[in-house]
1. So which aspartates and glutamates can residue 147 reach, going by Cα to Cα under 18 Å and dropping same-chain residues fewer than 8 places off?
2. Starting from the Cα of residue 193, step 7 Å along the direction of its Cβ; do the same at residue 318; then give the gap between the two resulting points in nm.
3. Please give every one of the lysines within straight-line cross-link reach of residue 159, meaning a C-alpha to C-alpha distance under 17 Å, and leave out same-chain neighbours fewer than 8 residues apart.
4. Taking 0.36 nm per intervening residue step and subtracting the Cα-Cα distance, what contour gain separates residue 15 from residue 396 on full extension?
5. Over the chain, give the accessible area per residue in Å² for a 1.4 Å probe, as an integer.
6. Within straight cross-link reach of residue 318, meaning Cα distance under 19 Å, which lysines are found once same-chain residues fewer than 8 apart are removed?
7. Taking every DSSP beta bridge with both residues inside the chain, roughly what % is antiparallel (nearest 5)?
8. So how strong a dipole does the chain carry about its Cα centre when Lys and Arg Cβ are +1 and Asp and Glu Cβ are -1, to the nearest 20 debye?
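The values are calculated or read from the model by the stated rules, or taken from the named source; none is laboratory data. Note that the coordinates shown come from a computational prediction; the quantities given were computed from them, not determined experimentally. Please note: Cβ atoms are built from the backbone with ideal geometry, for glycine as well, and neighbour counts cover all protein chains shown. These area figures cover heavy atoms from the full protein model, side chains too; ligands, DNA and RNA do not enter into them. Shrake-Rupley method; radii C 1.70, N 1.55, O 1.52, S 1.80 Å.
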Amino acid sequence: MNSDLIKDRTYKISEMADNLIGSEIIQLATEVNKRIAAGEKIYNLTIGDFNPEIFSIPEVLKNNIINAYNNGMTNYPPANGLPYLRKTVADWLNESMGLDYTEDEVLVSSGGRPLIYATYRALIDSGDKVVFPTPSWNNNHYCYINKAEAIMVETDSEKDFMPTAELLEDHIKDATLLALCSPLNPTGTAFSKENLQAICDMVWEENQRRDSSQKPLYIFYDQIYWTLTYGDTVHYNPVQLRPELRDVTISMDGISKAMAATGVRVGWATGPKYIIDKMKAILSHVGSWAPKSEQYATAEFISDRNALSSYLSEYKQKIEDRLDAFYNGFQKLKDAGFNVDAIAPQAAMYLTVQFDLKGKQTPDGDILNNGKEINQYVLNAAKVALVPFSSFGASTDSTWFRLAVGVAKMEDIEPIINQLHQALSQLK
Ligand SMILES: Cc1ncc(COP(=O)(O)O)c(C=O)c1O
């Protein structure tokens, strides 16, 4: 038998898996990293991750994890998470947002992603409509996997790319899920109280209209960046503003972005028990528990409010310094007459920037026609890698981009702005 032949042979697989597309952001970042590995000097501002040398996880959290392993916490955790962590999370959310969940209404998992997957699985049947704003992160993929009909509602810079009740109202009739995120990836902007309140009221009215044989309109609220707000920005949760939506709202967050702990893998969802129990059952077959030691260590760390707040204030300051420095750099480019713009930092680890360069001619004589071509030009001419909003479901015409600061060194920001200046000067 020729084993090479067998190794190379492929058969038909599920249609879903066959047509699944990976994350465009990861694809872009991988391409950029390949060029970096081949010796090119590129500033890679594409990925929503942290350089641990700049942004480390809390020292106490790290030591707690090591101690927990040394103390033998290496067997299965309970399927919905350690009671200690669930209770700690419920108390923290109560203290921070006035949310009133029991520990049985908290589900712990290995980061935010499994919980998004479980929310979709628990609520969505094939063909159900899921409404979400674009640009936003990955809802298109979760819709695809769950055979949902994705109803994408494009937002604009005038409202900081946040959806409004006015924008959404024509799309929610007969929809099953409204997927919201604040602070929002990719924009680093957040809902105002009034805006979120109006959306909540719209959902409430829509549900009053439906009869009990129908599914209600559920809200999935991704608040994984909620601890990262700056200046006057305040984070709000739908159930905090409208407690009557408690029965139809699932919220999700975790430590990935709150503690620069993307590789540690602890996240949680809160919601009514009847949905949380089903999500737990779904994930028990996936086995996406957060490791027991990490869960215990996270609970210990969050319980120590002094350690938590001193870590958060230092960590947030470092992110904000970078966002401000990039924002000021873009203002300088704008003042110099270039067609660029930026939205002042509000939250998360992203700056929304614009290169309004459609129709401009490059030194090679090419005309820039869309966001992807502008992105390529900025990458090749300025050696700065960003993610176009079209990778987050916005139209290919969009000239807005996500700039992520989790791997940016302060000393690199001036050279980056200078290189952008140089590249912009070469366009006609
Ligand atoms: C908006 C948003 N939600 C959820 C996640 C997933 O977080 P986790 O790494 O905990 O799975 C991310 C990660 O980038 C995100 O940006």
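1. The reachable aspartates and glutamates, counting only those whose Cα sits under 18 Å from residue 147, are 15, 18, 125, 128, 174.
2. My value for the distance between the label points is 3.3 nm.
3. 193
4. Numbers: separation 381, 0.36 × 381 = 137.16 nm, distance 2.66 nm.
So the chain would gain 134.5 nm between residue 15 and residue 396.
5. Numbers: 18960 Å² over 428 residues.
Accessible area per residue: 44 Å².
6. The reachable lysines, counting only those whose Cα sits under 19 Å from residue 318, are 257, 409.
7. Numbers: 20 of 40 bridges.
Counting DSSP beta bridges with both partners in the chain, the antiparallel share is about 50 percent.
8. On the way: 40 positive and 55 negative charges, 205 e Å.
I would put it at about 980 debye.
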